[in-house]
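In what follows, a single structure is set out as structure tokens and then discussed.
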Amino acid sequence: MAAPSFAEHDGLIWYNGEFVDWREANVHVLTHGLHYASSVFEGNRAYGGKIFKLTEHSTRLKKSAEILGFDIPYSVEEIDEACRETLRINNIVDGYLRPVAWRGSEMMGISAQKNKINLVVAAWEWPSYFSEEARMKGISLKTSQWLRPNPTTAPVHAKAAGLYMICTLSKHAAEKEGFEDALMLDYRGYVAEATGANIFMTFGDGKLHTPIPDCFLNGLTRQTVIELAKRKGIEVIERIIMPDELSKAEEVFLTGTAAEVTPVGRIDDNTYIVGDMVNTIRDAYELEVGKTPAQNVDAA
Ligand code: PMP
């Protein structure tokens, strides 16, 4: 039996300013975005019909395109409105949105000076990135052989499709060995992040420690969590974290729009508790985004 496909779905997709049937929202095979990864995207979540940090996501989308050298022909406000309309027209209250912008088919080579810039927004219901069981007892990470690149090697602050090539490789390698996700180090060997989420940890001093996002995405969830921790009087230390410190950490968790606040129970041979810090931050985050207790039950 064929695997279920994201191409087969009922609904409407916002495509360059118009709504098209889900199954008709296609691109030609000779598309720059497909061949040369000139594509940037976002992942937004809606809770109770409201998209969390919508304008921040739309602003980041514009910025990511700019970093890749192209201009999305819609303003931040227009992208915000496209996201809201997509949610509304598909009757989604709690869901995930995927805006993606890419260079089209006008030039088919490395140079892409004349390519049209396309934008779509799709939305679907999607309760939890990791299973609820994994989220309760903590997911497992395996350290990847792939390193987050030097900022002079890749546009590391863009949410650009090309940067996910090493994430998929890392995640597949981890899954092959029974882990749920990969921990990625950076080009200097420092702890960086997971494949689609940032990382935080505690070392028994009541403080939160997290790597400095100088060669990977400074996630909006990461920024929210730092803000929430500060509001609660929890000190957050952004610093270089070396892999040999992972054996001394007590609690570890990931943050991301899709991952939300997900506890980590294991990295390679090191194990962690799902303790007070993870629970405090997770509760604060769920309150902040407007997630209701019923949604937590539904996600099981
Ligand atoms: N790092 C990577 C590689 C990601 O894909 C994401 C998800 N966008 C994050 C971090 C977290 O970012 P955010 O909290 O803005 O979703």
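The values are calculated or read from the model by the stated rules, or taken from the named source; none is laboratory data. This one's a predicted model, so the numbers in the text were calculated from it and none came from an experiment. Every residue, glycine among them, receives a Cβ derived from its backbone with ideal geometry; neighbour counts consider all protein chains shown. The protein model used for the area step is the full one, side chains on, heavy atoms only, and it has no ligands, DNA or RNA in it. Shrake-Rupley method; radii C 1.70, N 1.55, O 1.52, S 1.80 Å.
Here are the numbers for the structure shown:
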{"read-out": "Mean shadow area of region 6-124 over all directions, Cα convex hull, nm²", "value": "6.7 nm²"}
{"read-out": "Student exercise, region 1-116 dipole from Lys, Arg, Asp, Glu Cβ charges, in Debye to nearest 20", "value": "340 debye"}
{"read-out": "Accessible surface of the chain [probe 1.4 Å, protein heavy atoms]: carbon and sulfur percent", "value": "54 percent"}
{"read-out": "Gain upon complete extension [residue 205, residue 27; 0.36 nm per residue less C-alpha separation]", "value": "58.9 nm"}
{"read-out": "Per-q log10 I(q)/I(0), the chain, q = 0.07, 0.11, 0.14, 0.15 Å⁻¹ (Debye; single scatterer per alpha-carbon; no solvent)", "value": "-0.27, -0.69, -1.12, -1.27"}
{"read-out": "Loop sites in region 120-161: GluC sites (Glu not before Pro), DSSP, at most 15 other Cβ within 10 Å", "value": "125"}
{"read-out": "Residue 244 accessible area, 1.4 Å probe, all protein chains in place, Å² to nearest 10", "value": "110 Å²"}
{"read-out": "Value of relative contact order over the chain, rounded to a whole percent, pairs C-alpha under 8 Å and six or more apart", "value": "17 percent"}
{"read-out": "Global geometry of region 83-209, whether rounded, prolate or oblate, following the gyration tensor of its Cα atoms and the 1.5 cut on a/c", "value": "oblate"}
{"read-out": "Calculated from backbone phi, Karplus (6.51, -1.76, 1.60) coupling profile of region 204-211 in Hz, x at Gly/Pro", "value": "x, 10, x, 9, 9, 10, 8, x"}
{"read-out": "Length-normalised contact order of region 132-289 in % [C-alpha pairs under 8 Å, at least 6 apart]", "value": "26 percent"}
{"read-out": "Sequence of 242, 277, 184 when ordered by accessible area, the most exposed leading, probe 1.4 angstrom", "value": "242, 277, 184"}
{"read-out": "Loop-located trypsin sites (Lys or Arg not before Pro) in region 73-131 whose Cβ has at most 11 other Cβ within 10 Å (DSSP)", "value": "114"}
{"read-out": "Residue 271-residue 125 pseudo-label distance in nm [points 7 Å out on the Cα-to-Cβ vector]", "value": "3.7 nm"}
{"read-out": "Efficiency of FRET from Cβ geometry, residue 110 and residue 172, R₀ 22 Å, rounded to 0.05", "value": "0.20"}
{"read-out": "Cβ-derived FRET efficiency at R0 30 Å, residue 55 paired with residue 231, nearest 0.05", "value": "0.90"}
{"read-out": "Student exercise, the chain dipole from Lys, Arg, Asp, Glu Cβ charges, in Debye to nearest 20", "value": "540 debye"}
{"read-out": "Counted charge near residue 54, where neighbours are those whose Cβ lies closer than 9 Å (Asp, Glu -1; Lys, Arg +1)", "value": "+1"}
{"read-out": "Calculated log₁₀ intensity ratio I(q)/I(0) where the Debye formula runs over C-alpha points of region 132-289, q = 0.14, 0.21 Å⁻¹", "value": "-0.63, -1.50"}
{"read-out": "Other-chain or far-sequence residues with amide H under 5 Å of residue 39's (modelled H)", "value": "161, 162"}
{"read-out": "Fluctuation leader among 135, 188, 148 - the chain, Gaussian network, Cα springs under 10 angstrom", "value": "188"}
{"read-out": "Accessible-area ranking of 86, 152, largest first, probe 1.4 Å", "value": "152, 86"}
{"read-out": "Residues whose placed amide H lies under 5 Å from that of residue 192, excluding near-sequence neighbours", "value": "184, 185, 186"}
{"read-out": "Qualifying chymotrypsin sites (Phe, Trp or Tyr not before Pro) for region 130-238 [loop in DSSP, other Cβ within 10 Å: at most 13]", "value": "none"}
